Every structure is written in structure tokens, then in C-alpha cells.
Amino acid sequence: MNYATIKWTDIANGEGVRISLFVSGCTHRCKNCFNEIAWDFSYGEPFDETIAEKILAELGAGYIAGLSLLGGEPLEPQNQEALYPFIKEVKRRYPDKTIWCYTGFILDEKTGELKETKKNTAYTKELISFFDVLVDGPFVEELKDIRLRFRGSANQRLIDVQKTLQTGDYVPYME
């Protein structure tokens, strides 16, 4: 997996000051995507052990509320495989830090996986279970609304992942 960029102190992509990892690779191709350059899976730099450890170390700062995953598309199958051990380690080291993930896919609340079943892997369900908030749904230009918090278009949902997985029904976050 490659990553397009890392924002070490981001306040736009989740609550509090966060580290935001923008992975490379996306097959959605949303019209007027804010990060079109990251559609290419080979764009950016390799996400290797060195950069993973740097992020893990920086997450230890008291002022960092957590980690946000964006893209590109974090839940593309090849990105899931690379992110799974990293996110598992983030949760192990920092159980009180929140993990947000932005995806153009749709969560199936009943299964805890993606409704786009061909995008599910052996990692999908457990990877999603590590998230605190999932912003799901593709960006839709015609539904763009700059008044929305933490999302770009009205079709996108802010999901409280833990409560949703417990109940099997969509539980919104902050609505």
C-alpha cells in the first residue's frame, strides 16, 4: 500500500487534533473528488514499517485525539490488508484514542461488513470493528453541503461504529 500524504495535526477530519493518513488507491472516481490525485494505487510513498512506527509514536502525544483514515479509499481490498495489522496495533497501544475512517463504500449494519460484498476480505469485519466512527458513502457532487460536519455530501453517514455493531442497526454519530 502507498500513502498520498499524512497530516500530523489535522482538525478537519474528525473530532479534536488528529493524525490523518491519506492512503492511495480508489476505484470510486467520485465527480469533483477533493483528492483525485490519490486515486492511483501507486501514487505517493510506500506505507512501510518506518512510517507506521512514526505514526504510532506521534499518536502518543497527549494533544492527539486519534487517527483518521482517508484516501484514496482505505477500504479497497489491498488497502485493508495493509491497514489491518497497523490499525490493530494502534488500538492495542492507544485504546482511548479514536479511529475515524472515511469510505465511499456503504456499511452493512447487520453483518459489520461492506454492502459491496466483492470488496470484503478476510480483514474487513475485524478492521471495521476497530473504528469508532465510519463516514460512509460516496461523495455526490449534487448533494454537496458545506454546512455538514465531517462530510462532504448529504448522502454520507457519520456512523457510531461500536453502537451500530452492538445493535445491528445504524446508530448515527453526532446527529
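Does Arg149 count as charged (D, E, K, R) and farther than 30 Å from Pro46 by Cβ?
Yes: the conditions hold for Arg149.
Filter segment 92-103 for residues that are over 14 Å from the mean Cα position of the chain (by Cα) and in contact (Cβ under 8 Å) with a residue 12 or more places away in the chain; which is nearest to Ser68 (Cα to Cα)?
So, considering only residues that are over 14 Å from the mean Cα position of the chain (by Cα) and in contact (Cβ under 8 Å) with a residue 12 or more places away in the chain, the one nearest to Ser68 (Cα to Cα) is Lys97.
For segment 33-50, give me each residue that is of a type outside the set (Phe, Trp, Tyr), farther than 23 Å from Pro85 by Cα, out of contact with any strand residue (DSSP E or B) (no Cβ under 8 Å at 6 or more places or on another chain) and assigned to a loop (DSSP other than H, G, I, E, B).
Correct list: Cys33 only.
Is it true that Leu67 is out of contact with any Pro (no Cβ under 7 Å at 6 or more places or on another chain), buried (at least 23 other Cβ atoms within 10 Å of the Cβ) and of a type outside the set (Ser, Thr, Tyr)?
Answer is yes for this residue.
Restricting to segment 149-172, give me the number of residues that are in a helix (DSSP H, G or I) and either modelled with pLDDT under 95 or closer than 14 Å to Ile99 by Cβ (or both).
Number of matching residues: 3.
So, Phe139, is that one within 23 Å of Tyr170 (Cα to Cα), at pLDDT 95 or above and part of a loop (DSSP other than H, G, I, E, B) or not?
Judged against the criteria, Phe139 is not a match.
The values are calculated or read from the model by the stated rules, or taken from the named source; none is laboratory data. Predicted model, so just to flag it, every value in this text is computed and none were measured. Cβ atoms come from the backbone with ideal geometry, glycine included; neighbour counts cover every protein chain shown.
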